[in-house]
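Below: the structure, in structure tokens.
The values are calculated or read from the model by the stated rules, or taken from the named source; none is laboratory data. Note that the structure is a prediction, hence the values are computed from the model and not measured. A quick note on method: Cβ atoms are made from the backbone with ideal geometry, for glycine too, and the neighbour counts reach across all protein chains shown. For accessibility, only protein heavy atoms count, side chains too; no ligands or nucleic acids. Shrake-Rupley method; radii C 1.70, N 1.55, O 1.52, S 1.80 Å.
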Amino acid sequence: MRRPVQALLLALSGLGLLRATLLSDLYLRYVKEGMRPLLVASGVVLLALGAAEGWSYAARLRRAPAADGSPAPPGDTPDHGHGHGHGPPWVAWLLFLPALSLLFWAPPALGAYTASRETPQAVPVTDQDDFDPLPATSPLPLTLGDFTRRVQQDRSRAVQGRTVLMAGFVTPDGSGDGWYLTRLILNCCAADAQSVKVRVHGVAAPKADTWVAVTGTWHPSGTLGTSSAEAGLDARTVERIARPSNGYTDGPPLVTR
């Protein structure tokens, strides 16, 4: 690949990273929030390398021919259209696609397609003494993971009869029996995403990937407080909400009632 093309690719990649991290929160679609400083630093380095490469190439073109008549270094002399040089193979131009996508079209965040193919994240085992009393708030805001732990491990059955409030995106269930309220959780980046799901009963499934806040009560299935209990909800209300800026966490619903 010729040096001008290399310089342009480096610069576009750097600009794309800086746009996704400094001018927007697009980077949160692919990595955790804590990686922002590293991405900003990488964008600055790539932009600096591209500028340096372009400046070096331009300086060589402006430089007077050597006194001994020695030829210019390979790749430093333009082809002038005579067909003697060899441009980059067509596959190399595909490297521009990810760089340009960060500038003009960012790939969407992971959603129902990924969640339907991922094995749900195992819920950590919680000692009975570690379950704090639930506040009297109604509806009670919970994360999907907290609700699942309460349903399957809390022998005091504190969620029985309680109206809870949770938020996530819609993942259709291929069996036709309800749908899933879902969250995707990242350890590092989108490549290691794992899902947390709660089955929703009693309400028709909204469109896949729609972010919703759901209120309801535990759907009786299995023995509450044991692993046989289903992490399911008999929905009372389903309200469409905006996707959180950092949707790759199992956070409580950011809605007020």
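The number of residues in the range 182-213 being more than 13 Å from THR171 (Cβ to Cβ) and not aliphatic (A, V, I, L, M) comes to 7. Filtering the range 122-159 to residues that are closer than 20 Å to TYR180 by Cα and outside any loop (DSSP other than H, G, I, E, B) leaves LEU140, PRO141, LEU144, GLY145, ASP146, PHE147, THR148, ARG149, ARG150, VAL151, GLN152.
Tell me, which residue of the range 110-128 that is modelled with pLDDT of 75 or more and of a type outside the set (S, T, N, Q) is farthest from ALA7 (Cα to Cα)? Restricting to residues being modelled with pLDDT of 75 or more and of a type outside the set (S, T, N, Q), the top hit is ASP127.
Of the residues making up the range 160-169, not one is surrounded by 20 or more Cβ atoms within 10 Å (Cβ to Cβ) and either farther than 22 Å from TRP179 by Cβ or over 31 Å from the mean Cα position of the chain (by Cα) (or both).
Select from the range 5-18 the residues that are open to solvent by 60 Å² or more (accessible area, probe 1.4 Å) and over 29 Å from ASP192 (Cβ atoms) and list them in ascending order. Answer for the range 5-18, where residues must be open to solvent by 60 Å² or more (accessible area, probe 1.4 Å) and over 29 Å from ASP192 (Cβ atoms): GLN6, LEU8. In the range 189-203, the qualifying residues are those that are in a loop (DSSP other than H, G, I, E, B) and at negative phi, and the one that is least open to solvent (accessible area, probe 1.4 Å) is ALA193.
Selection within the range 179-188: residues that are over 11 Å from LEU110 (Cα atoms) and in a strand (DSSP E or B). The member of this set that is nearest to the chain's Cα centre (by Cα) is THR182.
Listed by first and then second residue, the pairs with beta-carbon distance under 7 Å, at least 6 apart or on different chains, first residue in the range 204-220 and on the phi < 0 side of the Ramachandran plot, second among the aromatic types (Phe, Trp, Tyr), are ALA205/TRP179; THR210/PHE169; TRP211/PHE169. Six or more apart or on different chains, Cβ atoms under 8 Å: show the pairs whose first residue is in the range 1-27 and more than 28 Å from ARG243 (Cα to Cα) and whose second is of a type in the set (Lys, Arg) and open to solvent by 40 Å² or more (accessible area, probe 1.4 Å). Pairs found: none. Residue count for the range 211-234 satisfying the condition of being under 27 Å from the mean Cα position of the chain (by Cα) and more than 21 Å from LYS32 (Cα to Cα): 7. Can you tell me which residue in the range 133-145 is surrounded by the most Cβ atoms within 10 Å (Cβ to Cβ), limited to those that are under 22 Å from GLY222 (Cβ atoms) and touching a residue at least 40 places away in the same chain (Cβ under 8 Å)? Out of the qualifying residues, it is LEU144. Residue-level check: of (1) at pLDDT 85 or above; (2) in contact with a strand residue (DSSP E or B) (Cβ under 9 Å, 6 or more places away or on another chain); (3) more than 30 Å from THR21 (Cβ to Cβ); (4) open to solvent by 50 Å² or more (accessible area, probe 1.4 Å), ARG240 misses just (3).
Could you tell me whether the range 19-33 includes any residue that is at pLDDT 80 or above, basic (Lys, Arg), surrounded by 15 or more Cβ atoms within 10 Å (Cβ to Cβ) and under 23 Å from ASP192 (Cα atoms)? Taking every residue of the range 19-33 in turn, none turns out to be at pLDDT 80 or above, basic (Lys, Arg), surrounded by 15 or more Cβ atoms within 10 Å (Cβ to Cβ) and under 23 Å from ASP192 (Cα atoms).
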